[in-house]
Amino acid sequence: MEFAFTEEQLLIRDSAERFLAQASDSHAVRAGMSRAADYDPELWRQIGQELYWPALLVPEAYGGMGLGFVELAVLLEQCGRFLLGSPLFTTTCLATPALLLADNPALQARWLPAIASGQLHATLACPLEAAQLQAEVRPDGDGYRLDGCHTQVVDGAQADLLLIAARRPGSAGEHGISVFAVPTDTPGMVRTTLHTLDQTRRLARIELQQVPVSEAQRVSAIDQAWPLLQATQRIAAIGLAAEQLGGAQQALDLTLAYTAERHQFGRSVASFQAIKHRCADMMLHIECTRSAVWYAACVAREYLAEDGDPMVRGELLAAAATAKAHASETFFHCAAESIQLHGGVGFTWEYDPHLYFKRARASEQLLGNPAWHRECLATELLGACA
Amino acid sequence: MKIGFSKSDEAFRQEVAGWLAAHLQGEFAQLRFRGGPGDEHSFPAERKAWERELASGGWVGVGWRAEDGGRGLSISQQVIFHEEYARAGGPGRMGHIGEGLVGPTLAAFGTPEQRQRLLPGILQGQAFWCQGYSEPGAGSDLANVQTRARLDASGERWLISGQKIWTSLAHEADWCFVLARTEPGSVGHQGLSFLLVPMDQANIRVQPIQQLTGTSEFNEVFFDQAETAANNLVGQPGEGWKIAMALLGFERGVSTLGQQMQFHNELEEVLRIARANGAARDPLLRQRLARAWSGLKVLRYNSLRMLSGPQDGSLAREAMIYKLAWSNWHVELGKLAMDVLGDAAEVLDSAPYGLSRLQSLFLFTRADTIYGGSNEIQRNVIAERALGMPREVKGR
């Protein structure tokens, strides 16, 4: 057991920080927000084809770098810190883990090299709970057809490949669920970008009308995909928590810089104990979140690695719930505090705290809010509620 | 960064569990799950005997360096030791101040002679220690220590006069480490020294403080020309503040694992009651129970970070927030325990004021956010030392 970063992990962090401080500064983030339909394609090209970030989790056999989830989390923390708007999160945290956990080698060989090349943007269309899944899959000739709707799919309108969950008509709960890898130029899909409170991340509504898919496109055994989908979303929640950690740290850092420079009553605002104690509490929450995120990233690493420790794999639910609940509350708290401690300018469009505040709110909801994750934990600890 | 235990770690776990099962028997069986926070006044003599039993098995100083007589266990093995100790219901440690604070401090600042003379007593479970920091006029403002010490004419003895307060286990201790002013006329953290003082002398009087729990873990200690040999000064005269602060850094080391295992047992009891009395079906209590469970995990991960970092008493970010994190968590657990118990929380075990373990937890945890640097002082320290914010203006 060793709970500190390696030299290599620190190098990844530092180089990501250097790149993003320029490529995703406030000006760039705001330029990206005004692009309603997509993300900055040049930035994605640099990330995918010069920095190889999407290749990080992909095994070397598929042309990737074969690194683990801890390295990815180190990267995502910096992405969150600089509010990076990019296909990176959905491609690496949703699509890649789902494909790594797939039991269809031909499908893995088809798509993982494309992700590693940095030229494929992929995401997952699946609700958080099995009971919410409405899209349906029916046999049709040699293959299947998908019908129905996914109401909020992150990057759904921008992605080149969708992993789409659907259930057999008449099935219920966790049974009868399948997932297919569907290129977005397949006929029968209507994808609508939604206007979102957080303008740094894209959501889409996806309507499916007799979308044809073949047996070869199945990611998991037909009717038995829920465990894969659930594990994928837990792993993605850990990745999102790493992003949230970075966002929370930046909200604190912006606040420290502003309160040091702003003077009232003949002294810096930072010298007042009322301000100091609130900043200290922000750091308390951030460091607790940091510990939770690092640990959860280690668990995700073991879950995805072929040689993963089975004891540690068993901690995925608890680790994801702990990291995501802490990160969500911490990021929202710190972002809200940063508006308050900036005073009047914190309420302006010009200053950045509102960007973090909106991202914090959206991230809190995405992949399970704190109450949802705690109820998952409570069910493990105490049994079902009813 | 890597978590999980190896095969040899798991073999070590068997060894620890086996030893504890074999030795928490007979006279020691009654000590299971006793003597933790809020229960430190229970079974003092028996728990001292248990320390000697532990020592005979080589289980004192498991994280100390081999050159200091410790076992130098890896982080994984230290984690395992504390996990198994808690699982077996090992009693609250009487020796934790010596093992967790004095040992590392002497390892860092003591002379070879001091280490040779004083560490074996700790390792053998023979010598028990208490901490002489706070005074009536030096609580949050610890640097305002007024207890004085001067070398006598022979230069062979320090003579100490003054009053310390909130000294836990003073009435059970053989030694006290005392922060005293050795430079007459000095103020603040200048001119302080770190002295080791034997408690068994007529010039030291220990007076228990009755707490809001009705019990007395804490004491006042009066020094009236109390004596200690010149070779019981740690470091140089005037270095007391530096050493005292480094010692607080060691408080955030491996001893946190033992503390968390006590917390774990307390939380398990609350969960057990919730399952039995129906509180586990209340959606709001479920949220709080899950929050407590994950909060304790986070304390553990914090400790793993601290143990993987520098072990020289310096405070990294995770160490600076540690006191605030655990005290907030523990005080909330105390309240949660009462809310899970509901009506039953109001009725005592016995007259005149016999508290159950959870009632005691509820009341005692109000001390957690005060002692060892109150939450407000912790926030000042974090703001100033970790975040670089301006220092508080001092009144005169």
Checked the stretch B:129-240 with the C-alpha gyration tensor, a ≥ b ≥ c its square-rooted eigenvalues, rounded below a/c of 1.5, otherwise prolate if a/b is larger than b/c and oblate if not; verdict oblate
Of all trypsin sites (Lys or Arg not before Pro) in the stretch A:246-282, the ones in DSSP coil with at most 16 other Cβ atoms within 10 Å are A:262
Any helix of chain A counts here only if DSSP assigns it H throughout, its Cα atoms span 30 Å or more along the axis, and its mean Kyte-Doolittle hydropathy is at least 0.0, and such helices are A:226-261, A:273-304, A:316-342
With +1 at each Lys and Arg Cβ and -1 at each Asp and Glu Cβ, the charge dipole magnitude of chain B around its Cα centre, to the nearest 20 debye, comes out at 1080
With every protein chain kept in place and a 1.4 Å probe, the residues B:272, A:201 fall, from largest accessible area down, as B:272, A:201
Check: C-alpha center the stretch A:164-219 vs C-alpha center the stretch A:347-386, spacing in Å is 24
With all protein chains present, the protein assembly as shown has a carbon and sulfur share of its accessible area (1.4 Å probe) in percent of 52
With a ≥ b ≥ c from the Cα gyration tensor eigenvalues, square-rooted, and the rule rounded for a/c under 1.5, otherwise prolate when a/b > b/c and oblate otherwise, the stretch B:7-94 is prolate
With the label point 7 Å along the Cα-to-beta-carbon line of residue B:150 and a cut-off under 14 Å to each amide N, the hits in the stretch B:164-202 are B:181-186
Taking the chain alone as reference and the full protein assembly as comparison, with a 1.4 Å probe on protein heavy atoms only, the residues of the stretch B:361-396 that lose at least 30 Å² of accessible area are B:379, B:380, B:387, B:389, B:390, B:392
One would report the Cα pair-distance distribution of chain A, bin width 10 Å, in %, as 5, 24, 33, 25, 10, 3, 1, 0
extent check for the protein assembly as shown: Cα max minus min per principal axis, descending, whole Å, gives 100, 66, 51
Magnitude of the Cβ-charge dipole (Lys and Arg +1, Asp and Glu -1) of chain A about the Cα centre, nearest 20 debye, reported as 980
Residues other than residue B:355 with Cβ under 10 Å of its Cβ, Lys/Arg counted +1 and Asp/Glu -1, net out at -1
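Determine the total buried accessible area between chain A and chain B, counting protein heavy atoms only with a 1.4 Å probe; round to the nearest 100 Å².
Roughly 4600 Å².
Could you order B:15, B:10, A:350 by accessible surface area, starting with the largest, using a probe radius of 1.4 Å?
Highest to lowest solvent-accessible surface, that is A:350, B:15, B:10.
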For the protein assembly as shown, the dipole about the Cα centre with charges only on Cβ (Lys and Arg +1, Asp and Glu -1), to the nearest 20 debye, works out at 1080
Quick tally, 1.4 Å probe accessible area for B:176, A:149, sorted with the most first, runs A:149, B:176
Given pairs A:358/B:335; A:276/B:242; A:324/B:323; B:2/B:48; A:276/B:323; B:7/B:48 and cut-off 27 Å on Cα-Cα distance, the over-length ones are A:358/B:335; B:2/B:48; B:7/B:48
Placing +1 on each Lys and Arg Cβ and -1 on each Asp and Glu Cβ in chain A, then taking the dipole about the Cα centre, the residue among A:328, A:171, A:106 whose Cα reaches farthest towards the positive end is A:328
The protein assembly as shown accessible area per residue, 1.4 Å probe, protein heavy atoms, integer Å², reads 40
With every protein chain in place, the accessible area of residue A:294 for a 1.4 Å probe, in Å² rounded to the nearest 10, comes to 40
Hydrodynamic radius by Kirkwood for chain B, inverse mean 1/r across distinct Cα pairs, in Å, is 22.2
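The values are calculated or read from the model by the stated rules, or taken from the named source; none is laboratory data. The structure displayed is predicted, hence computed values, not measured ones. Note that each Cβ is placed from the backbone with ideal geometry, even for glycine, and that neighbours are counted across all protein chains shown. When the accessible area is computed, the model is the full protein with side chains, heavy atoms only, and any ligands, DNA or RNA have been set aside. Shrake-Rupley method; radii C 1.70, N 1.55, O 1.52, S 1.80 Å.
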